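The values are calculated or read from the model by the stated rules, or taken from the named source; none is laboratory data. In this text, all values refer to a predicted model and were calculated from it rather than measured experimentally. Cβ atoms come from the backbone with ideal geometry, glycine included; neighbour counts cover every protein chain shown. Ligands, DNA and RNA are stripped out before the accessible areas are found, and what is left, the full protein with its side chains, is counted by its heavy atoms. Shrake-Rupley method; radii C 1.70, N 1.55, O 1.52, S 1.80 Å.
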Amino acid sequence: MRKVVLITGASSGVGLALFRRLLKEDDGLHLCLACRNLSKAEAVRASLLASHPDAEVTTVQVDVSSLSSVFRASKELKERFQRLDYVYLNAGIMPNPQLNIKALFCSLFSRKAIHVFSTAEGLLTQNDKITADGLQEVFETNIFGHFILIRELESLLCHSDSPSQLIWTSSRNARKSNFSLEDIQHSKGQEPYSSSNYAIDFVSVALNRKFNQRGLYSSVVCPGTMLTNLTYGILSPFMWMLIMPMIWLLRFFANAFTLTPYNGTEALVWLFHQKPESLNPLVKYLSATTGFGSNYVTSKKMDLDEDTAEKCYQNLLELEKHVRVTIKKTDNQS
């Protein structure tokens, strides 16, 4: 039986690069593209099959910023598959990023200059908005939609005879100072992207505590700084081209500048080959690239504690209950 790999946000960027790399690693996989735009997903599927005609590639439409879409996709996946072996929770947004020029220039003359440039720590703010579900868009897209997806697909993921892996795309930008249990959606702050990624780290830790004995393991990855639709929202392609010589120089001092989606998938592909039981649940695995362009994987202990991770998980469960009640009332009224 083919192993099944589901990847959200698979029609471009890291998701698409990951699909292509996994096909080269093992063309005996069943790869399922989970995308918001189904026509785009079908076009990607056709191009993948053109280069790998013997591969099994399917699509499912899911918009993780819409809970009704998540529920529909979950139902469809449960009708199609008996199990999921790998789920890459990769879809994410950073809407309307604003570069803090003052913080940028201050960092140029600080001891943390290289760290700030490689993580964008304190340099970016975003303008968030409310979704149709009444939730903050970044929170729902990056973390909560995926959380509900996992909850719905639990029966496909928990098999003690052969483990399944959840692999979250997080960020080096996940900062403890930007996260609050009292404002888990970050509705009062200006760095929802960082907050949502810190919440991802928490949820991954909590999932391991709850589900390892049932055969489900969770890991967190940062693909590094790449030129994708996400980063083109910060600076235009022309500006990135202008500063590229400086970035190439910085790569000799900071390994976070992976620059391409292919390089960014290094840690995601590496995890595909690991026994999940051997992985450290408190570590974030980082794609890294040397100044000479060689890719490798490194790791960093996450700045969190397991008790707070459990509280974060419980907060999400409470929010899930509230959302399900609201959806049920809406359905009854219609």
### Query
Restricted to segment 210-235, and to residues that are small (G, A, S) and buried (at least 19 other Cβ atoms within 10 Å of the Cβ), which residue is nearest to S162 (Cα to Cα)?
S218
### Query
Could you list, in sequence order, the residues of segment 167-195 that are under 21 Å from L135 (Cβ atoms), open to solvent by less than 20 Å² (accessible area, probe 1.4 Å) and out of contact with any Asp or Glu (no Cβ under 9 Å at 6 or more places or on another chain)?
S171
### Message
Here's a check for you: in segment 287-302, which residue that is surrounded by 13 or more Cβ atoms within 10 Å (Cβ to Cβ) and under 21 Å from L227 (Cα atoms) is nearest to the chain's Cα centre (by Cα)?
### Response
S287
### Message
D307 - would you say it is part of a helix (DSSP H, G or I) and not basic (K, R)?
### Response
yes
### Query
Would you pick out the residues in segment 290-304 that are assigned to a strand (DSSP E or B) and either farther than 15 Å from L271 by Cβ or among the β-branched types (V, I, T) (or both)?
V297, T298, K301
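Wholly within segment 48-120, which helices (runs of 4 or more DSSP H) include no fewer than the required count, namely at least 1 residues that are at pLDDT below 95 and exposed (fewer than 13 other Cβ atoms within 10 Å of the Cβ)?
It comes to 101-108.
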### Task
Would you check if V205 is crowded, with 21+ Cβ neighbours inside 10 Å, over 14 Å from the mean Cα position of the chain (by Cα) and within 22 Å of L157 (Cβ to Cβ)?
yes
### Query
When you go through (1) polar (S, T, N, Q); (2) out of contact with any strand residue (DSSP E or B) (no Cβ under 9 Å at 6 or more places or on another chain); (3) modelled with pLDDT under 95 one by one for N127, which number turns out not to apply?
(2)
### Tabulated pairs, segment 40-60, first over 18 Å from K3 (Cα atoms), second exposed (fewer than 14 other Cβ atoms within 10 Å of the Cβ) and modelled with pLDDT of 90 or more, C-beta under 8 angstrom, 6+ apart or interchain
none
#### Entry: The one condition in (1) of a type in the set (A, V, I, L, M, F, W, C); (2) buried (at least 18 other Cβ atoms within 10 Å of the Cβ); (3) part of a helix (DSSP H, G or I); (4) out of contact with any Ser or Thr (no Cβ under 7 Å at 6 or more places or on another chain) that L31 fails to fulfil
(3)
### Task
Report, by residue number, each residue of segment 1-19 that is in contact (Cβ under 8 Å) with a residue 40 or more places away in the chain and either part of a strand (DSSP E or B) or under 14 Å from R45 (Cβ atoms) (or both).
V4, V5, L6, I7, T8, A10, S12, G15, L16
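From the list F257, F252, F238, pick out the single residue that is assigned to a loop (DSSP other than H, G, I, E, B), open to solvent by 40 Å² or more (accessible area, probe 1.4 Å) and more than 19 Å from H146 (Cβ to Cβ). Walk me through how you get there before you give the answer.
Details: F257 fails: open to solvent by 40 Å² or more (accessible area, probe 1.4 Å); F238 fails: assigned to a loop (DSSP other than H, G, I, E, B).
Going through F257, F252, F238 in turn, just one is assigned to a loop (DSSP other than H, G, I, E, B), open to solvent by 40 Å² or more (accessible area, probe 1.4 Å) and more than 19 Å from H146 (Cβ to Cβ): F252.
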### Message
Looking at K311, K284 in this structure, which one is open to solvent by 50 Å² or more (accessible area, probe 1.4 Å), modelled with pLDDT of 95 or more and of a type in the set (K, R)?
### Response
K311
### Query
Taking only pairs six or more apart or across chains, which ones have beta-carbon atoms under 8 Å, a first residue in segment 168-188 that is closer than 11 Å to Y198 by Cβ and touching a residue at least 60 places away in the same chain (Cβ under 8 Å), and a second residue that is open to solvent by 40 Å² or more (accessible area, probe 1.4 Å) and small (G, A, S)?
none
